[in-house]
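Read the structure below first, then the notes.
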Amino acid sequence: MFNKKMVTDLDVQGKKVLVRVDFNVPLAEGKVADDSRIRAALPTIQYLLDHGAAVILCSHLGRPKGVDPVFSLRPVAEYLGTLIDAPVAFAEDCIGEPAASAAAVLQPGQVLVLENTRFHDGEKKNDPEMAKQLAALADLYVNDAFGSAHRAHASTAGVADYLPAAAGFLLEKEIKYLGNAIADPARPFVTILGGAKVSDKIGVIENLLDKSDRILIGGGMANTFFKAQGYAMADSLVEEDAVDTARALLKKAGEKLILPVDMVIADAFSADAADRTVDAGPVPEGWRALDIGPRTVDAFGTVIAGAGTVVWNGPMGVFEFDKFSKGTFAIAKAVAKSGATSIIGGGDSIAAINKSGLEDRITHISTGGGASLEMLEGKVLPGLAALDER
């Protein structure tokens, strides 16, 4: 599955190495609020420093429209300096004179963080000129940004046209776990899918129908499947454009696709709404389904307990409201207790695991929600495809 050059295949001694990292982290009042993505890149950064390289890091942050100080990577660079025993400099731009002059004086054992790549339109357009300017800063290129590997941007794909290009340790780990889950899973292979939209996961369901032994559906997307079965869902979130697709998937999947048997419904979309638990089926007027119920937790838990491999993406309910997060937390505990090879992607699923304190009992927590979904769909990731073959 993984036949790309690794950072360990490169001679980095005395070289300048441009590393695409995923430092798209949340900031609060100008400070890093969650450092998990920064820490995930440390093994590759430390390896390069230990082997005599000068390390140049580039990343995007948020979705700025042009240059915007709110989305500056400077606070991230300052925070990185507290995590590693090496000097960390910051360049005011990722290309042009500021980047070139900062890279020119960089010595082995030192780190340079470039400013947000998305301050330039050329990043998203995969502009060859921008890619060339990034490549001109270094001798070698390493991609360790799995969270951005599904995007063909200048810093994730284009730059690999102009430098010897290899994968970092995080990218390799992500591809191996997700790739093996698809190609050769320990059986039974159970896929758990939640979140709001069926349309976001159609490709995943279609790709994994033949590979999975069971597909458990929760969250808002379950409502669309219930509508496809002919149930009136009242004020529940239903993706009307996907009802026919859901109906076709139900027919194709047969007993392999398992829907909730009960649900927690509420009389409003709010944290303090009145709620009650009802059997899966028609939802009373003025009510909406916001979580899976306790019998579904038990049913799903039984399937998960017997699994050899579990892949989970998406919450089981309106996770941001405590009252309707019980199903998601219960599934998190079931996955952690299962003993299966467990792979979790998607922000809310990961948040549930972390909030439960169960992250140490999960085999692999993916750093890329969109990228992991595209891998599970069987798509080729541009950031991976661009790297040199072994």
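For Asp272, are the conditions met, namely being under 25 Å from Val303 (Cβ atoms), surrounded by fewer than 14 Cβ atoms within 10 Å (Cβ to Cβ) and more than 30 Å from the chain's Cα centre (by Cα)? No; evaluated as a whole, the condition is false for this residue. Restricted to segment 344-382, and to residues there that are outside any helix (DSSP H, G or I), under 14 Å from Ile192 (Cβ atoms) and among the small types (Gly, Ala, Ser), the residue that is modelled with the lowest pLDDT is Gly346. Looking only at residues of segment 20-35 that are buried (at least 16 other Cβ atoms within 10 Å of the Cβ) and among the aliphatic types (A, V, I, L, M), we find that the one that is nearest to Ala104 (Cα to Cα) is Val21. Residues in segment 129-158 that are among the small types (Gly, Ala, Ser) and either more than 16 Å from Glu172 (Cα to Cα) or more than 13 Å from the chain's Cα centre (by Cα) (or both): Ala131, Ala135, Ala136, Ala138, Ala152, Ala154, Ser155, Ala157, Gly158. Select from segment 44-76 the residues that are touching a Leu at 6+ places or on another chain (Cβ under 7 Å) and farther than 16 Å from Phe90 by Cα and list them in ascending order. Across segment 44-76, the qualifying residue is only Thr44. Residues in segment 122-168 that are of a type in the set (Ser, Thr, Tyr) and surrounded by 21 or more Cβ atoms within 10 Å (Cβ to Cβ) were compared, and the one that is nearest to Gly179 (Cα to Cα) is Ser148.
When restricted to residues that are surrounded by 22 or more Cβ atoms within 10 Å (Cβ to Cβ) and not in a helix (DSSP H, G or I), segment 36-71 contains 9.
Taken together, the criteria exclude Ala334 from residues that are touching a Leu at 6+ places or on another chain (Cβ under 9 Å) and not aromatic (Phe, Trp, Tyr). Answer yes if at least one residue in segment 345-367 is in contact with an Asp or Glu (Cβ under 7 Å, 6 or more places away or on another chain) and not aliphatic (A, V, I, L, M), and no otherwise. Within segment 345-367, one or more residues are in contact with an Asp or Glu (Cβ under 7 Å, 6 or more places away or on another chain) and not aliphatic (A, V, I, L, M).
Scanning segment 311-329 for residues that are among the aromatic types (Phe, Trp, Tyr) and outside any strand (DSSP E or B) yields Phe319, Phe321, Phe324, Phe329. Within segment 1-54, which residues are of a type in the set (Lys, Arg) and under 20 Å from Ile175 (Cβ atoms)? Passing the criteria: Lys4, Lys5, Arg20, Arg37, Arg39.
No other residue among Val159, Val105 is among the aliphatic types (A, V, I, L, M) and closer than 30 Å to Gly346 by Cα apart from Val159. Being within 21 Å of Ala271 (Cα to Cα) and without any contact (Cβ under 8 Å) to a residue 60 or more places away in the chain holds for only one residue in Gly286, Gly327, Gly357, and it is Gly286.
Only one entry of Ile304, Ile292 meets the criterion of being buried (at least 23 other Cβ atoms within 10 Å of the Cβ), in contact with a Phe, Trp or Tyr (Cβ under 8 Å, 6 or more places away or on another chain) and closer than 25 Å to Phe226 by Cα, and that entry is Ile292.
Any residue in segment 88-110 that is of a type in the set (A, V, I, L, M), under 18 Å from Pro69 (Cα atoms), free of Cβ contacts under 8 Å to residues at least 60 places away in the same chain and surrounded by fewer than 21 Cβ atoms within 10 Å (Cβ to Cβ)?
yes
Residues that are more than 25 Å from Arg39 (Cα to Cα): find the strands (runs of 3 or more DSSP E) completely inside segment 110-229 holding 1 or more of those.
189-193, 214-217
The values are calculated or read from the model by the stated rules, or taken from the named source; none is laboratory data. Fair warning: this is a prediction, and the values are worked out from it, not measured in the lab. All Cβ positions, even for glycine, are placed from backbone atoms using ideal geometry, and neighbour counts span all protein chains on display.
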